[in-house]
Amino acid sequence: MSVWIEVDLCSGCKRCQKACPYGAIEMIDGKAHILDRCTSCGACIELCREKAIQTDTKPKEIPDFSDRQGVWVFAEQRDGKLSRVSLELLGKAQELAGVLNQDVSAVLLGYQVAKLSKRLIGYGADNVYLAEHKALKDYRTIAYTKVIHELVEKQNPNILLMGATHIGRDLAPRLSRRVGVGLTADCTELVIDPEEGILLQTRPAFGGNVMATIASRYSRPQMATVRPGVMEVKQKRGNKGNTIKHKVSITEKEIAAKILEKVREKKKSVSLNDAGIIVAGGRGVGSKEGMKALFSLAQVMGGEVAGTRIIVEEGWIPVERQVGQTGQTVRPEIYVACGISGAIQHRAGMLGSRYIIAINKDKSAPIFDVADWGIVGDLHEVVPEFDRAIRSSKGK
Amino acid sequence: MNIIVLVKQVPDTTDVKLDPKTGSLVREGVESIINPDDRHAIEAAVSLKEAVKGKVTAVSMGPPQAIDAISEAMGMGVDEGILLSDMAFSGADTWATSFTLGKAIEKIGNYDLILCGRQAIDGDTAQIGPQVAEYLGISQVSYVFEIEEIKKKTMVVKRRLEDGFERIQCTLPALLTVIGELNQPRYPVVSGLIDACKEKARIKVWNASDIGAQASELGLEGSLTHVVKTFAPKFKRQGEMLEGNVQEVVGDLIGKLKENRLI
Ligand SMILES: Cc1cc2nc3c(=O)[nH]c(=O)nc-3n(C[C@H](O)[C@H](O)[C@H](O)COP(=O)(O)OP(=O)(O)OC[C@H]3O[C@@H](n4cnc5c(N)ncnc54)[C@H](O)[C@@H]3O)c2cc1C
Ligand SMILES: Nc1ncnc2c1ncn2[C@@H]1O[C@H](COP(=O)(O)O)[C@@H](O)[C@H]1O
């Protein structure tokens, strides 16, 4: 297929140029032109108010899905413990279901996990579909895919959300292919389109340089995985829900995988890329000893520690934790820069952070130019106080 | 042992910058590279072949220039390459991509193991591996960081979890998605690269009809998800200096974080 522009219709508004994720639209003499780089992704087509962007793709008919009801959440549990993201998803599901005037359901698989039902109901589930079987004790791809597929076929939900965890990112794509539906990965925003009533799924792409909003119009359920830590947990006190048992019949042979051993260990590798919160130190921290306060703050905030090249050279942190031009590029929700001057080479690696907090003695330090909130002060006083305040706000 | 590696050519996203004026991506001068995770998949495939004998085929779906990614894989020791290239494939979401790759793999046939990267850095979806495995109806293990043992009908691998790992035994054929921890990819050797260039014959190019697919199943048309809009993430800095004594500024900061629902 291809995409082209009827130049006579083009008003030169540049909306398409802004929307093109591939930089493949150029304005020549006030009219849009499509360059060779175009991948025919179609992101521009609907945006054009003049209908000047044309395609030879046959418009697909959107099936009638009005009978599809219910917002479902996969309740991920490991060793009988619910993952936090499942509760976050229930929070979001309540909101979406409210707009659609539909029910929230949780899908709970495992062995002897019935007791988790109550908790799911307390966090917003109107129904809990419970599938218990020895073979479902630990997550295994084919077993979980089969059971959830059966439930989906039987109940025909409208939306199905999963956490973008290691389990969710293994299960969701497998299941989507089996059910025959589209899937959007790693969403950070979900809303219902007020006109069409469909789920608009927003996610970062190109390493966080662009946000893309994606719709799944041609299949149901509308499926998405959601980044942990983004949605808000909402308790629903006094909620009354039903637990509906699903009978499971499955053999080891069809599952085709055995877990020989499970090992829990502290993360060896640092994953600054995935970190939602980064507490970073610079020369101002003063010593390796001084880094302890930063590690403590990172721990209570649920994040990772990073730093500038100088402190790597000093040996206060290992090189995997260096952020910047010659280190890693990071995009956490919060970046706390402690005793960092904010040299351009350092900034290159952290400007994509959603919020930047800077703590520095020197009020003219360039880091303050890129900060959302700046504190001029001694980090040895500010960081421990910040640590204490967060602990007490969390009630720890 | 016949191994297939799925290799994607991607723009080096660490180079991708936003034009502050237009808000669109500046792609000029951005290099195309083999997706980083896929290098580890290639390395694993080639070293398995060296250990147990067999053949490695690299498969890539992309524009004509993606042939460079396959040549480079051949420089690393891959035996054969197949480039799936057709205008009809363009604009594909993961549903249509996994279908296209799945069709091609069916045509290649007779495979024991399929290796791919955990995720591609342009889309970061990590969906293709599991979707291809489902399409083919074979077992899958994702986030693999160690291949412990491989026999005729089964293999044992380690799968990384957020807080540890699992040792998993699965049946063959299987599809693994691998992460960087698995190995240290070798550099392509120049003679291998030259061979790959000279013998383009070893790289086949297949289009839609070669894999027996209809346009309606492929590319944008065959996709189930569609991009409605794209926009630059908002990084407008608040640029606010908090003043007062230590308790006051920290109290203020906590307030800001709560206001923005960050804690
Ligand atoms: C080619 C090249 C590549 C580079 N790549 C990188 C890179 O990838 N990453 C990187 O980080 N750097 C990189 N650099 C180095 C970079 O230029 C800076 O030298 C470095 O980032 C500065 O580190 P810093 O902020 O920790 O130290 P400094 O610039 O020394 O700043 C320390 C700051 O701490 C403050 N301070 C001191 N004591 C306190 C206190 N008690 N409380 C609060 N604040 C205090 C000071 O006011 C000062 O602003 C690169 C340089 C070059 C030439
Ligand atoms: N177009 C493609 N051609 C070949 N392999 C691909 C393609 N897209 C994705 N893959 C494989 O699937 C993995 C995951 O990609 P993704 O799901 O896009 O994040 C990649 O690391 C590749 O191994």
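Database remark: amide H of B:Trp206 closer than 5 angstrom to the amide H of B:Leu83, B:Leu84, B:Ser85 (H placed geometrically; neighbours at sequence offset of 5 or more, or on other chains; Pro and chain starts carry no H).
The residues of the protein assembly as shown have, on average, 43 Å² of accessible surface per residue, using a 1.4 Å probe with all protein chains present.
Normalised by 2.2 N^0.38 Å, with N the number of residues, the alpha-carbon radius of gyration of the stretch A:272-393 equals 0.92. Counting only Cα atoms, the stretch A:222-277 measures 42, 41, 26 Å along its principal axes, largest extent leading. Total buried accessible area between A and B, probe 1.4 Å, nearest 100: 8200 Å².
Distance between Cα centroids, the stretch A:221-293 to the stretch B:78-150: provide it in whole Å. Here the two parts' Cα centres lie 25 Å apart. Residues whose amide H comes within less than 5 Å of that of A:Leu160, counting only those at least five positions distant or on another chain, are A:Trp72, A:Gln222, A:Met223, A:Ala224 (H built at 1.01 Å from N in the peptide plane). Mean-square fluctuations from a GNM of chain A, with a 10 angstrom spring cutoff on Cα atoms, peak among A:Asp186, A:Asp29, A:Asp274 at A:Asp29. The distance between label points at A:Glu61 and A:Asn242 comes to 3.4 nm (points 7 Å beyond Cα on the Cα→Cβ vector).
Let me check something: with ligands and nucleic acids excluded, how do B:Thr100, A:Thr55 order by accessible area (1.4 Å probe), largest to smallest? List each step's numbers first, then the result.
Values: B:Thr100 0, A:Thr55 45 Å².
Output order, biggest surface exposure first: A:Thr55, B:Thr100.
Have a look at the stretch B:137-170 and report residues whose accessible surface goes down by 30 Å² or more when the remaining protein chains are included, against the chain on its own, probe 1.4 Å, ligands and DNA/RNA excluded. The answer is B:Gln140, B:Tyr143, B:Arg159, B:Arg160, B:Leu161, B:Glu162, B:Asp163, B:Phe165, B:Glu166, B:Arg167, B:Gln169. Max-minus-min Cα coordinates of the protein assembly as shown on each principal axis give 72, 62, 59 Å, with the largest extent listed first.
Measuring from each cysteine beta-carbon in chain A, the ones with no other cysteine beta-carbon under 4.7 angstrom are A:Cys10, A:Cys13, A:Cys20, A:Cys38, A:Cys41, A:Cys48, A:Cys187, A:Cys338. Gyration tensor over the Cα atoms of the stretch A:71-255: the corresponding equivalent ellipsoid has semi-axes (square roots of 5 times the eigenvalues, largest first) of 24, 19, 15 Å. Within the stretch A:108-147, the trypsin sites (Lys or Arg not before Pro) that combine a DSSP coil assignment with at most 10 other C-beta atoms in a 10 angstrom radius are A:Lys115.
Among the protein heavy atoms of the protein assembly as shown, carbon and sulfur supply 49% of the accessible surface, probe 1.4 Å, non-protein parts ignored.
Think of the protein assembly as shown as a dipole: +1 on every Lys or Arg Cβ, -1 on every Asp or Glu Cβ, centred on the Cα centre; then among A:Ser364, A:Asn239, A:Pro204, A:Asn239 lies furthest on the positive end.
Taking amide H as placed 1.01 Å from N in the peptide plane, B:Asn2 has its amide H under 5 Å from the amide H of B:Lys55, B:Asp112, B:Leu113, each at least 5 places away in sequence or on another chain. Residues of chain B were split at every exposed loop site, defined as trypsin sites (Lys or Arg not before Pro) in a DSSP loop with at most 10 other C-beta atoms within 10 angstrom, and the longest piece left, sites excluded, is B:54-150.
Inside 10 Å of the C-beta atoms of B:254-262, what's the mean count of C-beta atoms belonging to other chains? Walk me through the numbers before you get to the answer.
On the way: counts 5, 1, 4, 9, 1, 0, 6, 2, 8.
That works out to 4 on average.
Across every direction, the projection of the convex hull enclosing the Cα atoms of chain B has a mean area of 18.4 nm².
The values are calculated or read from the model by the stated rules, or taken from the named source; none is laboratory data. Fair warning: this is a prediction, and the values are worked out from it, not measured in the lab. Because the Cβ atoms are built from the backbone with ideal geometry, glycine has one as well, and the counts that use them run over all protein chains shown. Surface accessibility is based on the protein's heavy atoms, side chains included, excluding ligands, DNA and RNA. Shrake-Rupley method; radii C 1.70, N 1.55, O 1.52, S 1.80 Å.
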